[in-house]
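Step one of this worksheet: look at the structure below.
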Amino acid sequence: MSSPSEFDKAKYEALLGQLEISIIKFSSLNEDTRFEAEYFSKSNMNMLANLRKLDLKQIEEIADVTDGIHSSIDYDDNSKINLISATSPRENFFDLSRNAHISAIAHKQNPRTALRENDVIISTVGTIGNCAVVDASVLPANSDRHVGIIRISNGYSPYMLSTFLLSKYGRMQTSRETTGNVQPNLFIYKLKQLLVPFFSDDFQSSVERQVKSAHKKLADAKRLYADAERLLLDSLGLLGWEPKNEAVSIRRFSDFTASGRLDAEYYQPKYDEIEAKIKSYKDGYMTIGECFEQNRDLNGFQKDAYNYIEIGDVDTGIGSVSYNMVESENLPDNAKIVLKKGDLLVSKVRPYRGAVAIIDFDEDDLIASGAFTVLREKSLYRKEVLQVLLRTSMYKMWLLKWNVGTSYPVIKDDDILNLPIPKIDTGTQNKIAENIRASFALRAESRALLDEAKRRVEEAIEHGEK
């Protein structure tokens, strides 16, 4: 082998100077053609050492690996064929709430990328490394080029593989092999080379049962939420109701001067129809501001780090929310509202997406983006009922009325506080709240099972299956 250039030696010396770098041979740098300190960090090298004590195979030895459609997608809103993209797989489940749909013709023209039951789908751009196993609830489906499709061919459990890839050992590899600065990407040839440990059939079956049990609880949670929404709409006489969506609205000049709005969207007849429907409810109506107080508690940034919630942390599919620990110096200027358990978050950004969630966990140092209106329950209205109401298709449509901006449409706090909501009897509210709380509990149990499955895989790698 030819001697390394002075430039290469300098990079090598710089790597060794990093506090968290492992002592590595120059041949390793030559072999991997990578010079980033993170690639050879001590934690990464230690995890690789743990893996290499086991019986390992590369993914391409146990599965066929490809990606999705590379050409332009022929979308069809009326199609029932899901288009799985990088935002679809999460932590061992699929979020189809924002899914696009591909036309039947395009689906038929792309058999290579059409998904099958037990395919393991992994995101290769964006939040790289999220993955889940395709089951009957996802199909029919096709995929775009931002996901990898792993189709196992030798009996290895797909649920075992997805759980391993989501464990710290799988995440280490997908993160380590991601390249690019502007748009980081996990290329398919790198995905094929990821190392997978072999476990006993009994252990694989046990992990698979645990993941499927979590999926069952999540499905039950979604059913309970759907029951709550159906009960709410039925009690309001709105089950199956939709505005006529007429295109023309006749207005007086005084309407424009009173509202200060000149955009045609604000005066769509469908919004008047929705408002009339709510205000004509037999038991009357109130505004959100009459039933809830706005949480305006601002953070003073006196600590080194905070548990931060931004718009993207709300799962619009099931109405749950998560958070991330962020150092104070890295928090955006908009991170300012101090949260408590029971607070209701309502997104002011793209409100038609239904990013409405309840803080149902106890955490210290929890703050939210100022892009939320944060509401606290008084005595008149249950927060669970308002969450369900604001996530109905009718209210998501209605909130479009107050949008300002085009590329980044937003509404104001006052638009939310002044929004009319129907008075609902206490008995019905209690039933809806009970369903939502039960739904939350099942989601938490589902998440705990998935986390436990990952932990078991990590312990099996480090200490053996038993």
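The values are calculated or read from the model by the stated rules, or taken from the named source; none is laboratory data. Please read these numbers as outputs of a predicted model, since none were measured by experiment. For neighbour counting, all protein chains shown are included, and Cβ atoms are generated from backbone atoms with ideal geometry for every residue, glycine included. Keep in mind that these areas ignore ligands, DNA and RNA; they rest on the heavy atoms of the full protein, side chains included. Shrake-Rupley method; radii C 1.70, N 1.55, O 1.52, S 1.80 Å.
In table form, for the structure just shown:
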| read-out | value |
| --- | --- |
| Residue count, the stretch 413-466 (criterion: outside any helix (DSSP H, G or I) and aromatic (Phe, Trp, Tyr)) | 0 |
| Check on ALA136, open to solvent by 20 Å² or more (accessible area, probe 1.4 Å), over 23 Å from TYR169 (Cβ atoms) and either modelled with pLDDT of 95 or more or in a loop (DSSP other than H, G, I, E, B) (or both) | yes |
| Residue match in the stretch 372-381 (condition: farther than 30 Å from LEU239 by Cα, among the hydrophobic types (A, V, I, L, M, F, W, C), in contact with a helix residue (DSSP H, G or I) (Cβ under 6 Å, 6 or more places away or on another chain) and modelled with pLDDT under 90) | no |
| Residues located in the stretch 207-223, provided they are more than 30 Å from GLU434 (Cα to Cα) and open to solvent by 30 Å² or more (accessible area, probe 1.4 Å) | GLU208 |
| Qualifying residue in the stretch 122-140 (condition: over 25 Å from LYS212 (Cβ atoms) and free of Cβ contacts under 8 Å to residues at least 40 places away in the same chain) | no |
| Qualifying residue in the stretch 368-375 (condition: within 30 Å of ASP304 (Cα to Cα), touching a Leu at 6+ places or on another chain (Cβ under 6 Å), surrounded by fewer than 21 Cβ atoms within 10 Å (Cβ to Cβ) and without any contact (Cβ under 8 Å) to a residue 40 or more places away in the chain) | no |
| Qualifying residue in the stretch 265-279 (condition: of a type in the set (Gly, Ala, Ser), surrounded by fewer than 17 Cβ atoms within 10 Å (Cβ to Cβ) and either in contact with a Ser or Thr (Cβ under 6 Å, 6 or more places away or on another chain) or modelled with pLDDT of 95 or more (or both)) | no |
| All positions within the stretch 162-198 that are in contact (Cβ under 8 Å) with a residue 12 or more places away in the chain, open to solvent by 50 Å² or more (accessible area, probe 1.4 Å) and assigned to a helix (DSSP H, G or I) | LYS168, ARG171, SER175, LYS192 |
| Boolean, ASN78 is at pLDDT 90 or above and touching a Leu at 6+ places or on another chain (Cβ under 7 Å) | no |
| Pairs with Cβ under 9 Å, 6+ apart, first in the stretch 305-317 and within 16 Å of GLY354 (Cβ to Cβ), second of a type in the set (D, E, K, R) and open to solvent by less than 20 Å² (accessible area, probe 1.4 Å) | ASP315/ASP95; THR316/ASP95; GLY317/ASP95 |
| Any hit, the stretch 422-430, residues being open to solvent by less than 20 Å² (accessible area, probe 1.4 Å) and closer than 30 Å to ASN92 by Cβ | no |
| Test: residue in the stretch 379-393 that is in contact with a strand residue (DSSP E or B) (Cβ under 9 Å, 6 or more places away or on another chain), under 17 Å from LYS412 (Cα atoms), among the basic types (Lys, Arg) and not in a helix (DSSP H, G or I) | no |
